[in-house]
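Chemist: To start, I am sharing the structure in question, which I have written as structure tokens.
Any read-out appearing in this document is the output of simple, stated calculations on the displayed coordinates, not a laboratory observation. Being a predicted model, the structure only gives us computed values, none of them experimental. Methodologically, a virtual Cβ is constructed for each residue, glycine included, from the backbone with ideal geometry; neighbour enumeration extends over all protein chains shown.
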Amino acid sequence: MRLRGVRIGGTRRRLRSEAFRVQRAPIYRICLYATSAHTGVVHDPDCPCHSHALTEWQMLQLAIAYTESKCNPDAVGASQDLGILQIRPIYAREASRLAVDRVYAHSDALDPLKSFEMFNIVQDHHNPAHEVSKAISLHNKADWYKRQVLLNLELIHRIEATREIVLRYE
């Protein structure tokens with residue numbers, strides 16, 4: 001099965017398969033399983049995105065990813081920050097130190113799944129209660145950053161509420 005190209009950030013990219021698309025979006029599981037001649041997309045009713053809303057923690061991770069890189073897994077920052085969460089080498093070393101069974105290289109930050117694994121390893125150790133304010137400041141201590149993440153979190157809450165309404169009418 002082939003999917004049409006998708007326009008992302010002003011560039012045209014092709015999706016190789018539905019598995020590739022779902023893999024690149026580990027939190028917001030996008031259910032593109034097959035194309036239809038009439039609607040363009042057929043949704044799988046068993047897909048997790050139809051069965052429950054995102055948790056507050058998942059929405060926070062999305063807000064941080066959007067703030068850091070506009071959810072671009074290939075983003076490269078000016079000061080050695082890589083990936084969807086703009087992870088720096090010291091962050092990867094901290095995740096490796098805390099992980100029991102894994103060692104992370106800084107280049108692993110370009111893989112969204114590994115980026116979120118590193119994020120959760122660090123957060124689970126230093127912020128086991130998953131407090132929003134503490135999670136944001138653990139990732140970046142700047143005041144402007146906290147304000148921006150909270151604005152993006154509010155946006156994601158509105159999108160999620162709208163998504164739930166739209167899913168009722170499928």
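Chemist: Testing the spin-label approximation: label points 7 Å from Cα along Cα→Cβ at V103 and Q80. State their distance in nm.
Modeler: Result: 1.8 nm between the two label points.
Chemist: Whole-Hz ³J(HN,Hα) for each residue in segment 96-102, computed from phi via Karplus 6.51 cos²θ - 1.76 cosθ + 1.60 with θ = phi - 60°, x for glycine and proline: what do you get?
Modeler: 5, 5, 7, 6, 7, 10, 9
Chemist: Using amide H atoms built 1.01 Å from N in the peptide plane, name the residues 5+ places from L82, or on other chains, whose amide H lies under 5 Å from its own.
Modeler: G77, I87, R88
Chemist: ³J(HN,Hα) across segment 57-72 via Karplus (A = 6.51, B = -1.76, C = 1.60, θ = phi - 60°), whole Hz, x for Gly/Pro?
Modeler: Working through the residues one at a time gives 5, 5, 5, 5, 4, 5, 4, 5, 4, 5, 5, 6, 9, 6, 6, 8 Hz.
Chemist: Report the extension gain between D143 and H157 in nm, rounded to one decimal, defined as 0.36 nm multiplied by the number of residues separating them, less their alpha carbon distance.
Modeler: 2.9 nm
Chemist: May I ask you to evaluate 6.51 cos²θ - 1.76 cosθ + 1.60, the Karplus curve with θ = phi - 60°, for each residue of segment 75-87 and list the ³J(HN,Hα) values in order in whole Hz, giving x for glycine and proline?
Modeler: Computed from phi, the couplings for segment 75-87 are 5, 10, x, 6, 10, 6, 8, 10, x, 4, 9, 6, 7 Hz.
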